[in-house]
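Heads up, the thing below is written out as structure tokens.
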């Protein structure tokens, strides 16, 4: 497969942690250019790249085939549209867009031009979610009583950060809710109905920083919850079934490893966590999760671009999630 020449817009947390290490490591991609407005950390990390300040310079490079958008959420639509109009394939950091209308417009342009576009739902390749998907295939979830999906942490108000300034689509609901809504739909399908509550719980917060979403599947409910003010976090996943209870206590290790400098091709990289299976007889067994690696996202994207295979994370999936988030935010 001919490598896909790639440019990255932005070198903040997302660009430096979740994208450039994987583009650099993956045999089907070439990291050519990074747009970094200030500083030269991208060049320090990858001395061979072109470091530019102006997005237009990246867009005007005809050799670049794929643009990865890692700018603040409220700018995703504008930046992605510019790339599509320059006939580039596009990967957008989640949330895909700030509104469903914007998502539909990006998908329309991509269809017209025959280009790939999608959102970076990398959490499908966390070990815990890969394990849940495998358990489903094995029939473990044939009879579900209750599902809980929680992403808690303690994050003091930082009003200078773009996510805290009240821009459209730039808040914790869109940022974290996007992952769990995507996962719930992948595991259990679309709900028959849903209910949601959003709150500002931290003193001085400009944005909703607590939410609870209930997906009603008829026979059971899937609860999706986040708090930015949680000193003690709840278990990440709890699935109560007729076979027993499956519980994953913590988020997968990949993000922490990447922050610590472990890179995707390191043999120690990837999820090595255990989850708890509480059996009907009252005993509990600890089991290993599947070893996830976000390189899997880039592998499926390369196949979608070069071999025209169906993307595992489709642009239709990306737009659907924004439709749910918009309704939740506007309630």
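Are there any pairs with C-beta distances below 9 angstrom linking a residue in the stretch 1-22 that is at pLDDT below 95 to a residue that is part of a helix (DSSP H, G or I), with the two at least 6 apart or on different chains, and if so which?
Close Cβ pairs (under 9 Å, with a partner that is part of a helix (DSSP H, G or I)) amount to 1/302; 1/303; 1/306.
For residues that are in contact with a helix residue (DSSP H, G or I) (Cβ under 6 Å, 6 or more places away or on another chain) and surrounded by fewer than 20 Cβ atoms within 10 Å (Cβ to Cβ), tally how many sit in the stretch 1-45.
3
Can we say residue 238 is closer than 25 Å to residue 287 by Cβ, in contact with a strand residue (DSSP E or B) (Cβ under 9 Å, 6 or more places away or on another chain), modelled with pLDDT of 95 or more and buried (at least 17 other Cβ atoms within 10 Å of the Cβ)? Quick ask: steps written out before the conclusion?
On the way: closer than 25 Å to residue 287 by Cβ: yes; in contact with a strand residue (DSSP E or B) (Cβ under 9 Å, 6 or more places away or on another chain): yes; modelled with pLDDT of 95 or more: yes; buried (at least 17 other Cβ atoms within 10 Å of the Cβ): yes.
Answer is yes for this residue.
Taking the stated definitions as given, is residue 231 surrounded by fewer than 19 Cβ atoms within 10 Å (Cβ to Cβ), outside the structural domain of residue 97 (by TED's automatic domain parsing), more than 18 Å from the chain's Cα centre (by Cα) and not in a loop (DSSP other than H, G, I, E, B)? Steps first, please.
Details: surrounded by fewer than 19 Cβ atoms within 10 Å (Cβ to Cβ): yes; outside the structural domain of residue 97 (by TED's automatic domain parsing): yes; more than 18 Å from the chain's Cα centre (by Cα): yes; not in a loop (DSSP other than H, G, I, E, B): no.
No: the conditions fail for residue 231.
Take the residues in the stretch 263-289 that are in contact with a helix residue (DSSP H, G or I) (Cβ under 9 Å, 6 or more places away or on another chain) and surrounded by fewer than 17 Cβ atoms within 10 Å (Cβ to Cβ); name whichever of them is farthest from residue 4 (Cα to Cα). So that I can check it myself, show each step before the final result.
First, the residues of the stretch 263-289 that are in contact with a helix residue (DSSP H, G or I) (Cβ under 9 Å, 6 or more places away or on another chain): 263-266, 268-273, 275, 287-289.
From the residues that got through so far, the ones that are surrounded by fewer than 17 Cβ atoms within 10 Å (Cβ to Cβ) too are 263, 265-266, 268, 272, 287-288.
Details: 263: 20, 265: 19, 266: 22, 268: 27, 272: 30, 287: 38, 288: 34 Å.
Out of the qualifying residues, it is 287.
Only residues that are under 13 Å from the mean Cα position of the chain (by Cα), over 12 Å from residue 225 (Cα atoms) and crowded, with 20+ Cβ neighbours inside 10 Å: list them for the stretch 153-177, please.
Within the stretch 153-177, 174 is the sole residue that qualifies.
Which of the residues belonging to the stretch 103-143 are out of contact with any helix residue (DSSP H, G or I) (no Cβ under 7 Å at 6 or more places or on another chain), buried (at least 18 other Cβ atoms within 10 Å of the Cβ) and over 18 Å from residue 180 (Cα atoms)?
Selection gives 140 alone.
Are there strands (runs of 3 or more DSSP E) fully within the stretch 1-103 with at least 1 residues that are over 20 Å from residue 314 (Cβ atoms) and more than 21 Å from the chain's Cα centre (by Cα)? List them.
On the way: elements: 4-9, 29-35, 50-52, 66-69, 89-93.
Ranges flagged: 4-9, 29-35, 50-52.
The values are calculated or read from the model by the stated rules, or taken from the named source; none is laboratory data. Treat the numbers as computed from the prediction; the structure is a model and nothing was measured. Backbone-built Cβ (ideal geometry, glycine too); neighbour counts: all protein chains shown.
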